[in-house]
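Here's the structure, in structure tokens; my notes come after.
Derivation of every value follows stated rules applied to the coordinates shown; laboratory data play no part. Keep in mind that this is a model prediction, so the values were computed, not measured. So basically every Cβ, Gly included, is an ideal-geometry build from the backbone, and we count neighbours across all protein chains shown.
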Amino acid sequence: MDVRLGAALLRVPGLLCLVHAMARIGAEQEVENLSGLSTSPEKDIFVVRDNGTTCLMAEFAAKLMIPYDVSASNYVDLITEEAEIPLARGAEVRGKCGTTESELQISWLDKVYTLKLYFVKEGHNTTKRQEAVWKMNKIQFVYDSSERTYFKDAVNPGKHTANSHHLSALLTPAGKSYECQAQQTISLITSDHQRTVTLLLSEVRIQPFDISADFVFSEEHKCPVDEREQLEETLPLILGLILGLMIVITICIYHIHHKLTANQVQLPRDRSQYKHMG
């Protein structure tokens, strides 16, 4: 009896440590939906905090385009409609941070819709050396077409899951945030391979790793579309400045030439007048 009691007492500290560790893990993972602070009514803001420190931040506007079938007027044929589902304000958020893997899970309308974003940090070979980068490597969207807000009279309604395939999006150098104001389109395929769900992202600013300051994004890495648009906006200005500078230089040269020629003695063109000179 004493032996059993002693063995039980020996197991108690281990159980206490396990309970304490589980409680600590639960306490360290904090998620906040700060969409109310967004200046855009369509853009949401999500923050994941680990042990009181921001470890993942995401700002973006999102909506999903989902095809579904409805009955035709003859009640025999089927017609394909498309549901446009925006990411709702006040969505329930969950998240997880790691050294090389992070994720963000967003649910709304009593978890009828759930969007999961997965991120990974890894080495990336360049022409010079291997550099650390992060990217979004997987997206999953779960929805129920029996929900009547966006699905009107859907035929054979039910739950569906759509996933990305071989995704490598938002590629960004480690230690930087990804920024892209332009709209981006990502295709998701349902598990039965019958439907293609389209995810539209815009006004994106995301950083799932290496955030150095609380609630503050690191230096941004702009997407190629934004960089091209910025170049297109600044190029006319640069060309205008160059043209203006050339005009100023031309006018200056003309005035200098005019002064130099005005100070020179004007020789008569008629040679008969040379005898009167001097």
- Query: Karplus couplings for the range 176-182 from phi (6.51 cos²θ - 1.76 cosθ + 1.60, θ = phi - 60°), rounded to Hz, Gly and Pro as x?
  - Reply: 10, 9, 9, 10, 7, 7, 5
- Query: Which of the peptides 73-79, 41-47, 29-35, 205-211 is most tightly packed, and how do the rest follow, judged by the mean count of other Cβ atoms within 10 Å per residue?
  - Reply: 205-211, 41-47, 29-35, 73-79
- Would you mind checking the pairs K176/K222; K111/K176; K43/K152; K43/K121; K63/K96; K96/K176 and listing those with alpha carbons more than 21 angstrom apart? K111/K176; K43/K152; K43/K121; K63/K96
- Surrounding net charge for K43, when Lys and Arg each add one and Asp and Glu each subtract one, Cβ distance under 14 Å: -2
- Message: Tell me the net charge near S164. Cut-off is 11 Å between Cβ atoms, S164 excluded, with +1 for each Lys or Arg and -1 for each Asp or Glu.
- Response: +2
- Query: In a shell of Cβ-Cβ distance under 10 Å around K116, excluding K116 itself, what net charge do Lys and Arg (+1) and Asp and Glu (-1) give?
  - Reply: +1
